[in-house]
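Read through the structure below, which is laid out as structure tokens, and then see the notes.
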Amino acid sequence: MKKIGWILVAGIISGCLVSRNQSAKTMNSFDTQGHRGCRGLMPENTIPAMLYALDLGVHTLEMDAVISKDGQVLLSHEPFFNHEISTTPNGKRVTQEEEKSLNMYQMNYAEIVQFDVGMAPHPRFPQQKRMRVSKPLLADVIDSVKAYCTSKNLALPYFNIETKSDPTGDAIYHPLPAEFVDRLVQVIQNKQISNQVIIQSFDPRTLQYLHEKYPDIRTALLIEDNDSRSFAVQLQQLGFIPSIYSPASNWVTPLLVKQCKEMGMLLVPWTVNDLSTLQQLKNMGVNGIISDYPNLFAQLK
């Protein structure tokens, strides 16, 4: 690591470490996160997936947010209808050739909700239960989770919400970062769950805007498995120390665990779907793990 990297990172730490440690203290000692609810078991990013993940005892519901033409915040991993999971209102499977033309940023939510995303058998998740279900509004997800937790006497989970944005998609598949974050935070504030929310992203622009305008909301920096930048450069380019460092699981080493701890960041890798790797990472000292199969968490020691 270059010396200038450590100098800059050290400066960021001096300004942010106290607030980050305070945030960390409110999180669970080991954070079990259900990826897209529980993608391996239920249709992803749907209300049934979130509620079933609660039954499995997750501490945090991981989900993805996109924006519709009429400015609604809804759950979806892509800003278009992925051919693997989507069926049109007339009952035809969405094809790979047409999926990107079904751009939700160019569709009102009333049209989006007519598509089914739960009946098509998922080619990579054979255990996933099939059911008729549509892409929900984030506001409805929050309301459903709150009501379910009340009815089951469960603690309210954390909501780890990813902004699905990228510079190449600006004004095509999603709004610019400021509008994207403002719309997302408006829902969060209206539902009074700011203390229970983490905003995560691979797009540093949304995190930078969030950190500047909404500094009390936790942030998580997502890192791709093939990211060629060093740890120091990643933080330099972000410009502040996030609450959580969330890399692909292959990034995790004992050194990374030590570095994150020293910087006051929680370390929560993604997406781990086998018990042996889950146990190995927990033993290494990560603060939590994101998994498509949150039923596996009960077997951890």
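Each reported figure results from applying straightforward, stated rules to the coordinates on display, with no laboratory input. Predicted, not measured: the structure shown is a model, and the values here were computed from it. For neighbour counting, all protein chains shown are included, and Cβ atoms are generated from backbone atoms with ideal geometry for every residue, glycine included.
Taking the Cβ-Cβ separation of GLU212 and ASN108 as r and a Förster radius of 41 Å, what is the calculated FRET efficiency to the nearest 0.05?
On the way: r = 31 Å, r/R0 = 0.75.
Computed FRET efficiency for GLU212 and ASN108 comes out at 0.85.
Residues in segment 127-132 carry Karplus couplings, in order, of 7, 5, 6, 9, 7, 7 Hz; the curve used is 6.51 cos²θ - 1.76 cosθ + 1.60 with θ = phi - 60°, and Gly or Pro positions show x.
Find which of LEU156, ALA178, GLN200 sits farthest along the positive direction of the dipole of segment 145-218, computed with +1 on the beta-carbon of Lys and Arg, -1 on that of Asp and Glu, about the Cα centre. About the Cα centre, the residue reaching furthest to the positive side is LEU156. Distance between the pseudo-spin-label points of ASN250 and ASN226 (7 Å out from Cα toward the beta carbon): 0.9 nm.
Pairs exceeding 27 Å between alpha-carbon atoms, taken from LYS164/LYS258; LYS92/LYS135; LYS69/LYS191; LYS129/LYS152; LYS69/LYS92; LYS191/LYS258: LYS164/LYS258; LYS191/LYS258.
Placing unit charges on the Cβ atoms of the charged side chains and taking the dipole of segment 81-161 about its Cα centre, the candidate lying farthest along the positive direction among ILE142, ALA110, THR87 is ILE142.
I'd like the per residue volume of the convex hull spanned by the Cα atoms of the chain, given in cubic angstrom. Could you put the intermediate results ahead of the total?
On the way: hull volume 39.1 nm³, N = 301.
Residue-normalised Cα hull volume stands at 130 Å³.
Residues within the reach of a label modelled at SER101 (point 7 angstrom out along Cα to beta-carbon, backbone nitrogen below 11 Å), restricted to segment 158-177: there are none. Neighbours of PRO254 by Cβ distance under 15 Å: Lys/Arg scored +1, Asp/Glu scored -1, total +2. Spin-label model, GLN127/ASN195: points 7 Å from Cα along the beta carbon direction are separated by 3.5 nm.
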